[in-house]
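What follows is a set of notes on a single structure, which appears directly below.
The values are calculated or read from the model by the stated rules, or taken from the named source; none is laboratory data. Predicted model, so just to flag it, every value in this text is computed and none were measured. Ideal geometry is used to build each Cβ from the backbone, glycine not excepted, and the neighbour counts take in all protein chains shown. Note: accessible area is taken over every heavy atom of the protein model, side chains too, but ligands, DNA and RNA are not part of it. Shrake-Rupley method; radii C 1.70, N 1.55, O 1.52, S 1.80 Å.
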Amino acid sequence: MFMEHINLTKTVEPFLLAAATAAESYVPGEALSVSSAGTVTKCSGANKPAFICQSKLEDAAAGDMVCVTMVHPQQILEVPLQAAGTSLKAGSKVTVGTDGLTVTATTTNGVFTITEVLGTAIGDLVRGYFDNVNTTVVQGS
């Protein structure tokens, strides 16, 4: 799960409400991007998230809202590794895991810049940030 470690611009990141994608489930710490329909959906791979989910919602119905915080480059986030990251170091740019809750050790087309490696085994934590994120505000925010 993506968890804020340090926020260089605010003491507290305000929570927003974003329109959920029907039939999708959400968990706290999940990276979310904005779909073409204007709803939030799980972010993975080389996509940059616009939000981090802050509430749990199972099997969303049309019109449901989910609580989120906006992602910005002044946030240092702490997140577990989905794969062993023995070659990762500060400055490595990795992709978002398929679960939207982790980062991979894949540096091709990476979107998450690592600033600190706390461990290199699966599940160990790294810290870093997303730069040049899409901060599109979605319906309901």
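State all residues of segment 2-17 that are in contact with a Gly (Cβ under 7 Å, 6 or more places away or on another chain) and closer than 22 Å to Gly97 by Cα; if no residue qualifies, say none.
Matches in segment 2-17: Phe2, Met3.
Among (1) surrounded by 16 or more Cβ atoms within 10 Å (Cβ to Cβ); (2) farther than 14 Å from Val96 by Cα, which single condition is Ala62 missing?
Here Ala62 meets the rest and fails (1).
What pairs come out if I take residues in segment 1-30 that are over 14 Å from Pro80 (Cβ atoms) and of a type in the set (Ser, Thr, Tyr) and pair them with residues that are open to solvent by 50 Å² or more (accessible area, probe 1.4 Å) and assigned to a loop (DSSP other than H, G, I, E, B) whose C-beta lies under 7 Å away, six or more apart or interchain?
Thr9/Gln74; Ser25/Glu58; Ser25/Asp59; Tyr26/Lys56
For the structure I just gave you, tell me whether Thr9 is loosely packed, with under 13 Cβ neighbours inside 10 Å, of a type outside the set (Asp, Glu) and either within 14 Å of the chain's Cα centre (by Cα) or within 15 Å of Phe130 (Cβ to Cβ) (or both).
The answer is yes for Thr9.
If you scan segment 15-32, which residues turn out to be open to solvent by 70 Å² or more (accessible area, probe 1.4 Å) and either of a type in the set (D, E, K, R) or more than 12 Å from Leu57 (Cα to Cα) (or both)?
Across segment 15-32, the qualifying residues are Phe15, Leu17.
Filter segment 112-141 down to residues that are modelled with pLDDT of 95 or more and open to solvent by less than 20 Å² (accessible area, probe 1.4 Å) and give me whichever is farthest from His72 (Cα to Cα).
Filtering segment 112-141 for residues that are modelled with pLDDT of 95 or more and open to solvent by less than 20 Å² (accessible area, probe 1.4 Å), the one farthest from His72 (Cα to Cα) comes out as Gly119.
Could we say that Thr107 is among the hydroxyl-bearing types (Ser, Thr, Tyr), surrounded by fewer than 18 Cβ atoms within 10 Å (Cβ to Cβ) and farther than 13 Å from Met1 by Cα here?
Working: among the hydroxyl-bearing types (Ser, Thr, Tyr): yes; surrounded by fewer than 18 Cβ atoms within 10 Å (Cβ to Cβ): yes; farther than 13 Å from Met1 by Cα: yes.
Judged against the criteria, Thr107 is a match.
Quickly run through segment 1-54 and pick out the residues that are part of a strand (DSSP E or B), touching a Leu at 6+ places or on another chain (Cβ under 8 Å), at pLDDT 95 or above and among the hydrophobic types (A, V, I, L, M, F, W, C).
Across segment 1-54, the qualifying residues are Ala18, Ala20, Ala31, Val40, Phe51, Ile52, Cys53.
Among Gly85, Gly100, which is crowded, with 16+ Cβ neighbours inside 10 Å, of a type outside the set (A, V, I, L, M), in contact (Cβ under 8 Å) with a residue 40 or more places away in the chain and in contact with a Cys (Cβ under 8 Å, 6 or more places away or on another chain)?
Answer to the selection: Gly100.
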